[in-house]
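The values are calculated or read from the model by the stated rules, or taken from the named source; none is laboratory data. Keep in mind that this is a model prediction, so the values were computed, not measured. Backbone-built Cβ (ideal geometry, glycine too); neighbour counts: all protein chains shown. Accessible surface areas use protein heavy atoms only, side chains included; no ligands, DNA or RNA. Shrake-Rupley method; radii C 1.70, N 1.55, O 1.52, S 1.80 Å.
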Amino acid sequence: MASVRQIRRRVRSVTSIAKVTKAMELVAGSKMRRSQTRALQARPYADKMLEILGDLAKQQGDDETRHPFLTVRPVQNVLVLFLNTNRGLAGGLPSNMNRRAASFGLEQEAPVRFAAVGAKGRDFIVRARQPLIADFSMPEYPNLIDTLPVTRVVLDEYESERVDRVYLLYPRFVNTAVQVPTVKQILPIEPQDIEDRTVEDVDYIYEPGPQEVFGELLPRYIEMTIYEAILESEASELSARMVAMRNATEAANEMIETLTLIYNKARQEQITKELLDIVGGVEAMK
């Protein structure tokens, strides 16, 4: 059994760790609420844009005027925009995302390249020795303008035909305890994604015309899709970190209770031994 001094030192060490994890839990919780609000507020805008695109899709002409973002090409190269956490201490979220990226890459028949948002995703792609064409780091509470360089890289790769299909891999925020690794095809835009969201009983008049508006809105739709995914990723990271730090604090408190019992038992044994030594000494002097 460890000595009383060693146990006391370990209790102090675990208590300090519990204070740190509690502080990190509180910080992540305060940031999480703001990030969750931003992520949830972005969804209605994206839904309304899909409705407008669905109405415009019905008014499109023949395939000769089909927008390049809707044109399906033979798949020779695939690009995956991989969103992962910027830092660790987020429970199992980073490793879950990395496993999903690895399995998705193996499922593809065509060569796969990656563009990473977040240090954990970038590090995994580099360790796995997969082609990485770009990596980005987002600030806290990113705005749309912060995500435009990511969108520009994706659109340039697709428009130059260096890739023929683009997927978005990100942690979809469900609630504080659940974040689901999600794969979504963003290019070419699948027609059913927008045609199924047609506006009902609304007769819109578009200026200068439906085709021109449709062509302008499609790039905005890609921008909004990536921006929404980045907000979801941020909310997922902070939620996972808060839950992980809460679990760590609870585990530390349980360990402190266990160590305190062990300390008291060791201290009691030490006191009993000292008393026996005193009694033995007194008896020897008689």
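For region 137-155, indicate whether the set of residues that are more than 29 Å from ALA248 (Cβ to Cβ), open to solvent by less than 50 Å² (accessible area, probe 1.4 Å), part of a helix (DSSP H, G or I) and of a type in the set (D, E, K, R) is non-empty.
Restricting attention to region 137-155, the residues satisfying the condition of being more than 29 Å from ALA248 (Cβ to Cβ) are 143-155.
Now drop any that are not open to solvent by less than 50 Å² (accessible area, probe 1.4 Å), which leaves 147, 150-151, 153-155.
Next, from what is left, pick out any that are part of a helix (DSSP H, G or I): 147, 150-151, 153-155.
From the residues that got through so far, the ones that are of a type in the set (D, E, K, R) too are none.
Scanning region 137-155 turns up no residue that is more than 29 Å from ALA248 (Cβ to Cβ), open to solvent by less than 50 Å² (accessible area, probe 1.4 Å), part of a helix (DSSP H, G or I) and of a type in the set (D, E, K, R).
Suppose we keep only residues that are in a loop (DSSP other than H, G, I, E, B) and not small (Gly, Ala, Ser) within region 156-174. Which one would you say is farthest from VAL80 (Cα to Cα)?
First, pick out the residues of region 156-174 that are in a loop (DSSP other than H, G, I, E, B): 160-164.
With not small (Gly, Ala, Ser) added as a condition, the list becomes 161-164.
Details: GLU161: 15, ARG162: 13, VAL163: 10, ASP164: 11 Å.
Among those that are in a loop (DSSP other than H, G, I, E, B) and not small (Gly, Ala, Ser), it is GLU161.
Quick one: what pairs do we get from region 255-269, first residue touching a residue at least 40 places away in the same chain (Cβ under 8 Å), second outside any helix (DSSP H, G or I) and exposed (fewer than 13 other Cβ atoms within 10 Å of the Cβ), C-beta under 7 Å, 6+ apart or different chains?
Note: pairs meeting the criteria are ALA266/MET1.
Taking the criterion of being open to solvent by 40 Å² or more (accessible area, probe 1.4 Å), out of contact with any Cys (no Cβ under 7 Å at 6 or more places or on another chain) and either at pLDDT below 85 or more than 30 Å from VAL14 (Cβ to Cβ) (or both), would at least one residue in region 220-240 satisfy it? Working first, answer last.
We begin by selecting, within region 220-240, every residue open to solvent by 40 Å² or more (accessible area, probe 1.4 Å); these are 220.
Of the ones still in play, those that are also out of contact with any Cys (no Cβ under 7 Å at 6 or more places or on another chain) are 220.
Now narrow it down to the ones that are either at pLDDT below 85 or more than 30 Å from VAL14 (Cβ to Cβ) (or both): 220.
So far as region 220-240 goes, yes, one or more of its residues are open to solvent by 40 Å² or more (accessible area, probe 1.4 Å), out of contact with any Cys (no Cβ under 7 Å at 6 or more places or on another chain) and either at pLDDT below 85 or more than 30 Å from VAL14 (Cβ to Cβ) (or both).
Return a yes/no flag: does region 268-286 have any residue that is among the charged types (D, E, K, R), over 22 Å from ALA115 (Cβ atoms) and not in a helix (DSSP H, G or I).
Residues of region 268-286 that are among the charged types (D, E, K, R), as a first pass: 269, 273-274, 277, 283, 286.
Next cut, over 22 Å from ALA115 (Cβ atoms) only: 269, 273-274, 277, 283, 286.
Keeping just the survivors that are not in a helix (DSSP H, G or I) gives 286.
Yes, because at least one residue in region 268-286 is among the charged types (D, E, K, R), over 22 Å from ALA115 (Cβ atoms) and not in a helix (DSSP H, G or I).
Here is a check on your reading of the model: is ARG38 at pLDDT below 90 and closer than 19 Å to THR147 by Cβ?
Answer is yes for this residue.
Among the residues of region 113-152, what is the count of those that are over 24 Å from ARG34 (Cα atoms) and of a type in the set (Phe, Trp, Tyr)?
2
Condition check ((1) open to solvent by 10 Å² or more (accessible area, probe 1.4 Å); (2) assigned to a helix (DSSP H, G or I); (3) free of Cβ contacts under 8 Å to residues at least 40 places away in the same chain; (4) within 21 Å of GLU234 (Cβ to Cβ)) across all residues:
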{"site": "ARG8", "(1), (2), (3), (4)": "yes, yes, no, no"}
{"site": "LYS19", "(1), (2), (3), (4)": "yes, yes, yes, no"}
{"site": "LEU26", "(1), (2), (3), (4)": "yes, yes, yes, yes"}
{"site": "GLY29", "(1), (2), (3), (4)": "no, yes, no, yes"}
{"site": "ALA46", "(1), (2), (3), (4)": "yes, yes, no, yes"}
{"site": "MET49", "(1), (2), (3), (4)": "yes, yes, no, yes"}
{"site": "ILE52", "(1), (2), (3), (4)": "yes, yes, no, no"}
{"site": "PHE82", "(1), (2), (3), (4)": "no, no, no, yes"}
{"site": "ARG113", "(1), (2), (3), (4)": "yes, no, no, no"}
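Output the number of residues of region 115-133 satisfying the condition of being crowded, with 19+ Cβ neighbours inside 10 Å and under 26 Å from VAL75 (Cα atoms). Quick ask: steps written out before the conclusion?
Looking only at region 115-133, we keep the residues that are crowded, with 19+ Cβ neighbours inside 10 Å, and these are 115-118, 120-122, 124-125.
Still in the running and under 26 Å from VAL75 (Cα atoms): 115-117, 121-122, 124-125.
Within region 115-133, residues that are crowded, with 19+ Cβ neighbours inside 10 Å and under 26 Å from VAL75 (Cα atoms) number 7.
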